[in-house]
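J.: Sharing a structure here in structure tokens format.
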Amino acid sequence: MIHFVVVGILTLLSTYGLYMFVLTNEILLPIQASEQAIAIDNLFDLHWLLISFFFSLIMVFLVYSIVVFRRRKGDEGAGEHFEGNTTLEIIWTIVPLIIVLFIAFRGSEALADVERRDPNAYEVTVIASQWNWQFEYPDGETSSDLVLPKDTQILLRMYSQDVIHSFWVPEFRVKQDILPGGEEYIRELRITPNELGDFKIRCAELCGQLHYSMLADVSVVTESKFEVWLSEQSDICELDDITCGNKWVEKNGCVACHSLTGEVIVGPSWLGLYGSEVPLDDGTTVTANEEYIRNSILQPASQVHEGFNGNLMPPSFGDTLSAEQIDQIIAFIQSIK
Ligand code: CUA
């Protein structure tokens, strides 16, 4: 009996140590930045407690038995013979069953919390493509960064232009696959950001060669800053062509692949590109004039710069950019000397 008391005390001490100082949300999870994260983190917390207890129970029994019941010098006898124990069998069937049912109950409560709908949720459309994120706001504003107001439920309506992608911001905890196939296959995700800050969206579905770099910035800002930002994103630009071109380049995330400094990221740099002789992968050369650049935006795989992969550039800019915007982007590229 004394053995059980000792093992019981050691198990409790070990559980306490693990749960308080090793298996904690603070150490193991990124910061909690959405309302939805609260229910999920509470589930994690429950699991850390159970894991700490069962790990301790098994390890303490094991180590205690190895140390205390080891074979002593001169003990050559056979071990005691056991024939099974029905009481033990019943206990270790019923107890885990109760725990699993309890977790299922807590899980369904958490799911209901995470999916709670606010009828006034603010809608943002998310368009995923290889390997790019695009966000559309209710009045037609578009951006390649996701900016959200704090303490407002956001309804993300998401679709893909090519393969399956997945929207994931670890600080918000929730994650959702994004499917191709148009209107019918739009997936929804609700997030209520409750922490100001800058985070990263990561694509969480293997989606091709540049899956690892399919990232976008998320900023959670105050309501007033959000209004200001939103007004800057409109598709109206009444400044000169180069300034407007710069705006479209920023908004569409072009500079994630095309540097303005001569550095090669994924695509050719735009420094000194305009007017230069570009070697193509079929061995010919072409002058980088308006016509060539427009064609490279609309049909990126048709005249490919030697040493680059034309399939890495999204072929969809012809659908999302107007002819005027493309002209302004060309004017901007022309200005990068
Ligand atoms: Cu998109 Cu991985």
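J.: Taking a Cβ-Cβ separation under 4.7 Å as the criterion for a possible partner, which cysteines of the chain have none?
T.: Cys203, Cys207, Cys254, Cys257
J.: Same structure again: Go through Lys150/Lys175; Lys251/Lys337; Lys225/Lys337 and tell me which ones have a Cα-Cα distance over 28 Å in this structure.
T.: Pairs exceeding the cut-off: Lys225/Lys337.
J.: Each residue of the range 318-323 in turn: what ³J(HN,Hα) in whole Hz from Karplus with 6.51, -1.76, 1.60 and θ = phi - 60°, glycine and Pro shown as x?
T.: After applying 6.51 cos²θ - 1.76 cosθ + 1.60, I find x, 7, 9, 9, 7, 4 Hz.
J.: Which shape class applies to the chain: rounded if a/c is under 1.5, otherwise prolate when a/b exceeds b/c and oblate if not, where a ≥ b ≥ c are the square roots of the Cα gyration tensor eigenvalues?
T.: Prolate, because a/c is 1.5 or more and a/b exceeds b/c.
J.: I'd like to compare 169-178, 90-99: which one has the highest average count of other Cβ atoms within 10 Å, and what's the full order after that?
T.: In descending order of packing, they fall as 169-178, 90-99.
J.: Separate question: Could you give the size of the charge dipole of the range 241-334 about its Cα centre, using +1 on the Cβ of each K and R and -1 on the Cβ of each D and E, expressed in debye and rounded to the nearest 20?
T.: It comes to approximately 240 debye.
J.: Can you say what percent of the DSSP beta bridges in the chain, counting only those with both residues inside, are antiparallel? Round to 5.
T.: DSSP beta bridges in the chain are roughly 75 percent antiparallel.
J.: Could you rank the peptides 57-66, 120-129 by their average count of other C-beta atoms within 10 Å per residue, with the highest value first?
T.: Values: 57-66: 13.6, 120-129: 18.0.
Peptide ranking by packing, descending: 120-129, 57-66.
J.: For Asp282, Asp145, what ranking results if the residue with the fewest other Cβ atoms within 10 Å of its Cβ goes first?
T.: With the fewest neighbours first, Asp282, Asp145 line up as Asp282, Asp145.
J.: Highest mean first, how do 236-244, 306-314 rank when packing is the count of other Cβ atoms within 10 Å averaged over residues? Let's see the in-between values first.
T.: Details: 236-244: 13.2, 306-314: 16.0.
Result, highest mean first: 306-314, 236-244.
J.: Next question, about the same structure. Output ³J(HN,Hα) for the range 40-55: one whole-Hz value per residue in order, computed from phi by the Karplus curve 6.51 cos²θ - 1.76 cosθ + 1.60 with θ = phi - 60°, and x for Gly and Pro.
T.: My calculation for the range 40-55 gives 5, 5, 5, 5, 4, 4, 4, 5, 4, 4, 5, 5, 4, 5, 5, 4 Hz in order.
J.: Add -39500 (n - 2.57) for each DSSP H run of 4 or more in the chain, then divide by its residues: what number comes out at 222 nm, to the nearest 500 deg cm²/dmol?
T.: For the chain, the value works out to -13000 deg cm²/dmol.
Only the coordinates and a few stated rules stand behind these numbers; no lab work does. Remember, it's a predicted structure, so these values are computed and weren't measured experimentally. Neighbour counts are summed over all protein chains in view; Cβ atoms, including those assigned to glycine, are modelled from backbone coordinates with ideal geometry.
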